[in-house]
Each structure stands twice: as C-alpha cells, then as structure tokens.
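The values are calculated or read from the model by the stated rules, or taken from the named source; none is laboratory data. Since this is a predicted model, take the numbers as computed values, not measurements. Cβ: placed from backbone, ideal geometry, glycine included. Neighbour counts: every protein chain shown.
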C-alpha cells in the first residue's frame, strides 16, 4: 500500500502546484502578452496616423493663405460665441437694427462628419431678437446668409405690433413706419 501512496501524493502535489501556481502564472503571462500586442498595434497605428497627418499638413501648406483664412472663418476650430455675436451685430447695424435677448443653447454633437467614434463637428444654437421693418429684416437675413461664417437659420418667430415705431429708420424710410419683433434661432458649426 505504501508503494501506491507516494506516487498518489506526488501526483496530487503536482496537480495542486499546477492549479495553485502554474496555471495562474500562465494566465497572467497570457494577459500581459495580449496587452503587449494591443500596445504594439496602437504604436503602429500612431505612427501611421502621424504620417497621414504630415501628408495632410503638406497638402494644406500648398493652399493660398487667403483661402485658409476664409475656410477657418467659415468653419472655425473652436467655439467663438463672441465673434459670432459681433458678426451678427455688424450685419444688423447696416440696417440700424439692434439685436437683443441673446441666448445660447447647449453645444450639441452632429452625427455627420464622424471620424471613428468621435464627432468632428459640433454646433451651437444662438437665439436673439431684433425689431425691424419687413424690408430691413429680409435684407438682414440675406446678408446673414451671405456671411463668411456658416450660419443656418433654424427658427424664425415674429410678432406684429403696429404701435411699435421704428427708433432709427433706414435711409428712405418714413419715421412712422411700424416695426415688428423677429426672434431667430440660428445654428453655427465648429470643428472639434
């Protein structure tokens, strides 16, 4: 019986050593190897992205500086709400209009233009009100449409108040010409 007991004990000890030490160490080594492969793939992809970026920068440098400035103004690479309000106010001032009740909606993410899992384009909605005659308002909208920054009119509400008089009528308008209150919501875009 003793002859069978020693091999059984050694077999059980070997099995215990395998379950207690060898298998967990092997699993840890396998996990470390998988992590190494992931880092190696990320490093390879990083170098490919760097080469692609350098190609794009070289191509961008071939564009005339004026065109790059116009493009940056059309679709800026940051949210510049103050510049947007200044642009809208300068358009309004051409018709002696003042914007009021300015409000910004939270920045939203646009599903178009997605690169990977990150959206490349963000947007912000700006609401404001303006008192104007119909003709001045239409001219204001046309100039807003032609502005250098990409602006999309989302919503227009108006209220007619014949008791409201124009404070600073446009050239050629009669001082008693009534104005209406227009509330606009415009959306502008920016690169992330």
Which count do you get for residues in the range 166-178 that are under 10 Å from residue 132 (Cα atoms) and either touching a helix residue (DSSP H, G or I) at 6+ places or on another chain (Cβ under 8 Å) or at pLDDT below 55 (or both)? 5
Which one is modelled with the lowest pLDDT, of the residues in the range 1-19 that are in a helix (DSSP H, G or I) and exposed (fewer than 10 other Cβ atoms within 10 Å of the Cβ)? 2
Is it true that residue 185 is outside any helix (DSSP H, G or I) and either under 16 Å from residue 81 (Cα atoms) or modelled with pLDDT of 85 or more (or both)? yes
Number of positions in the range 119-151 that are at pLDDT 90 or above, within 20 Å of the chain's Cα centre (by Cα) and not in a strand (DSSP E or B): 0
Considering residues that are touching a strand residue (DSSP E or B) at 6+ places or on another chain (Cβ under 6 Å) and over 19 Å from residue 189 (Cα atoms), the number found within the range 81-99 is 3
Residue within the range 71-80 that is farther than 20 Å from residue 191 by Cα and in a helix (DSSP H, G or I) present: no
Filter result for residue 90 (outside any helix (DSSP H, G or I), under 26 Å from residue 141 (Cα atoms) and in the same structural domain as residue 128 (by TED's automatic domain parsing)): no
Is it true that some residue in the range 55-77 is within 30 Å of residue 152 (Cα to Cα), loosely packed, with under 10 Cβ neighbours inside 10 Å, touching a strand residue (DSSP E or B) at 6+ places or on another chain (Cβ under 9 Å) and modelled with pLDDT under 85? yes
